[in-house]
Every structure is written in C-alpha cells, then in structure tokens.
Amino acid sequence: MESLKGKIVFITGASSGIGKACAESFASLGAKLIISSRGFDKLEHLAVELKEKYNSEVHYASLDVRDIKSVQKFYNALPDDWKRIDILVNNAGLARGFNKLYEDDIAGWEEMIDTNVKGVLYITRTVVPGMVERESGHVINLGSIAGHQAYPKGAVYCASKHALDAITNSLRQDVIDKNIRVSTVDPGMVETNFSNIRFYGDEEKAKNVYKGLTPLFAGDIADAVIYCATRPPHANINEMVIMPSAQANSYVNYRKN
Ligand SMILES: NC(=O)c1ccc[n+]([C@@H]2O[C@H](COP(=O)([O-])OP(=O)(O)OC[C@H]3O[C@@H](n4cnc5c(N)ncnc54)[C@H](OP(=O)(O)O)[C@@H]3O)[C@@H](O)[C@H]2O)c1
C-alpha cells in the first residue's frame, strides 16, 4: 500500500456526499488537502473539523468548476508548494431532473453538461500540465453506472457520464508516458444530497429513490477512491464499478416493501 502522508490531494465538490467523505478519508491518512465547492461555509466548517480531528493542512476556497476563468484563478492563487498536486479527485457533479428527453428542462441539461463534462475538462486541463512536468500524478474521476448503461428519463446525465468515461479513457492514453495514473470510480445508488439536487429539493421524491433497499453510502465510495490512490506505483486501477448489493445494474433493483 502506497502512503498518502504529505501527498497533496485536490478534491472538487468536497462540501457534501462523496467528496466530503473522500476529504475525511484522505485527511485521516495524512494527506494535505485542497478542497473546493461553490458554497464556502460548509468547506470552512470541514476544514476546521479536519484540522481538529487529524491536524490536517487544508487549503479551501469556493470554486465553480463551470467557469474556466475562476478555475485558472483558483489554481494560480495556490501557494507554489500547493500547486504540486499529487492526486486530483474530479468529484463535483450533479443530476438535474428525471424526465423523458422530449419533455425535459433544457436549463438542467446545460447545468449537467457544464459541470460533469466541461467542469472536469477545465480542472483537468489546469492541473494535469503540472503533473506532466513533474512526471508524477494520479487523476481519479467520479463516473457512474450511468456512464455504462443509459437508463430512461436520464438521457443527459447518462450522456454526461458516458462522456466522462471517454475523457478518462483518452486521458489515460495521453499520459501513458508521463508516469500519471488515471482511474474512474463508478458507483450505482449512493445516498447523498444527489437525489435532493436532482429533484430540485423535493425530499419525498429523493427519499423514494432509496426506498426498500440499502443504498451505498459516501464512505463506501471514499474507500474505493482510497484503494485506487494507495496502489503501488506500478499498478493502476482503470475502473471500479460499485453497486449496492440490492442493485444489479442501472435497471434492476430489489426492493423490500
Ligand atoms: N449519489 C449517487 O448516487 C451517485 C452515483 C454515481 C455517481 N455519482 C457522482 O458522484 C459525484 C458526487 O456526488 P454526490 O453523490 O456526493 O452528490 P452531492 O452530495 O450533491 O455532492 C455534490 C458536490 O458537488 C459540488 N458541486 C456541484 N456543482 C458544482 C460546481 N458547479 N462547481 C463546484 N462544485 C460543485 C457540490 O457543492 P456546491 O453545491 O456547494 O457547489 C457538492 O459538494 C458526482 O459527480 C455524481 O455524479 C453520484
């Protein structure tokens, strides 16, 4: 197992769910963290908590991954020694709406494509050149089962995660001679704020997603990310697909009443 002590780990979307659980796990293993999301307060709270619990060094600032200028500004504002990012976790992402494509809200499409596809591209384009220069680094993307199997009423979210899968696979080939690893962790249902955001705050609908089964929890996915990040240098996890035991794939779940 490769040590994470002193490694600089940049996590996008660290204020909630999977990103937050990743921040906790990396901090507990001695990594130095750069955490970001659009909201500031939750980040600040998390930074204080990680400092208290693990004595972690944490750099935090709000960042909207959809805005290339802000992404560049955020990166350029990092102190020089914090720019040497060892591990990038491209986690910020969201689903908006659950409707047939021909009835769906176009504003939600823009949000998903801008965040899940363009946001990952902007962050990756900004951070990976430093890794290339140092010939060292690891990019871990948060994909989804939706990037393998497109389901009804989720065309654009599924398309965004299929695009991410293509980006991950291309990038891995682009950096093959640069000692940079590229992994994707692709979960099924994870109970986070994800469904609340997808259903625009309708808690009843969000709860129903997980009704009658035990979903995955954010910590399960953080475990997978840590597994990827701690393989010895000669080994790369290309892809991990993780499902709740009661979810066979995008289409088949087993729910107890
Ligand atoms: N939950 C699932 O079932 C599931 C399954 C498969 C894959 N995933 C993927 O896992 C990732 C994390 O999702 P989650 O389940 O942890 O959801 P979550 O609890 O809603 O967390 C999403 C995080 O992304 C941040 N974010 C959203 N838009 C952003 C933007 N434009 N710029 C910067 N940060 C942004 C949010 O913070 P702010 O709102 O403050 O910006 C939040 O910190 C996503 O990529 C999602 O697609 C989730």
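Coordinate-derived values only; no laboratory data. This is a predicted model, so every value here is computed, not measured. With ideal geometry, Cβ positions are generated from the backbone for all residues, glycine too; neighbour counts draw on all protein chains shown.
Exceeding 22 Å between C-alpha atoms, which entries from my cross-link table qualify? They are K5/K161; K205/K256; K32/K118; K20/K53; K42/K153.
With Cα atoms farther than 22 Å apart: K5/K161; K32/K118; K42/K153.
Can you check what the net charge comes to around G212, using other residues whose Cβ is under 14 Å from the Cβ of G212 (Lys, Arg +1; Asp, Glu -1)?
Value of the local net charge: +3.
Contour minus end-to-end for S28 and D174, with contour as 0.36 nm per residue of separation and end-to-end as the Cα-Cα distance?
Extra length available between S28 and D174 comes to 49.4 nm.
Mind telling me which of T168, T230, T115 comes out most flexible in a GNM of the chain, alpha-carbon contacts under 10 Å?
Looking only at T168, T230, T115, the biggest GNM fluctuation is shown by T230.
Starting from the alpha-carbon convex hull of the chain, give the projected area averaged over all orientations, in nm².
13.5
Which residue fluctuates most in the GNM of the chain (Cα springs below 10 Å): A77, A218, A206?
A77
May I ask you to sort I123, I226, I176 by Cβ crowding, counting other Cβ atoms within 10 Å and putting the fewest first?
I176, I226, I123
With labels modelled as points extended 7 Å from the Cα through the Cβ direction, what inter-label distance (nm, one decimal) is found for D220 paired with E204?
Output for this residue pair reads 2.7 nm.
Please identify, among Y102, Y54, Y75, the residue showing maximal mean-square fluctuation in a Gaussian network model of the chain using a 10 angstrom Cα cutoff.
The residue that fluctuates most here is Y102.
Under the rule of -39500 (n - 2.57) per DSSP H run of 4 or more residues, summed and divided by the residues of the chain, what mean residue ellipticity at 222 nm is obtained, to the nearest 500 deg cm²/dmol?
Rounded to the nearest 500, the figure is -12000 deg cm²/dmol.
Residues with amide H under 5 Å of I8's amide H, sequence separation 5 or more or different chain, H placed in the peptide plane at 1.01 Å from N; which?
It is K32, D86, I87, by chain and number.
Could you tell me what percent of the DSSP beta bridges with both partners in the chain are antiparallel, to the nearest 5?
Looking only at bridges with both residues in the chain, the antiparallel portion is about 5 percent.
Could you work out Rg/(2.2 N^0.38 Å) for region 98-164, with Rg from alpha carbons only?
The value comes to 1.35.
Could you tell me the distance between the Cα centroids of region 68-104 and region 181-257, to the nearest Å?
19
Taking the Cα centre as origin and putting +1 on Lys and Arg beta-carbons and -1 on Asp and Glu beta-carbons, what dipole magnitude results for the chain, to the nearest 20 debye?
In debye, rounded to 20, the chain gives about 200.
Please arrange S183, S144 by how many other C-beta atoms lie within 10 Å of their C-beta, fewest to most.
Lowest count first: S183, S144.
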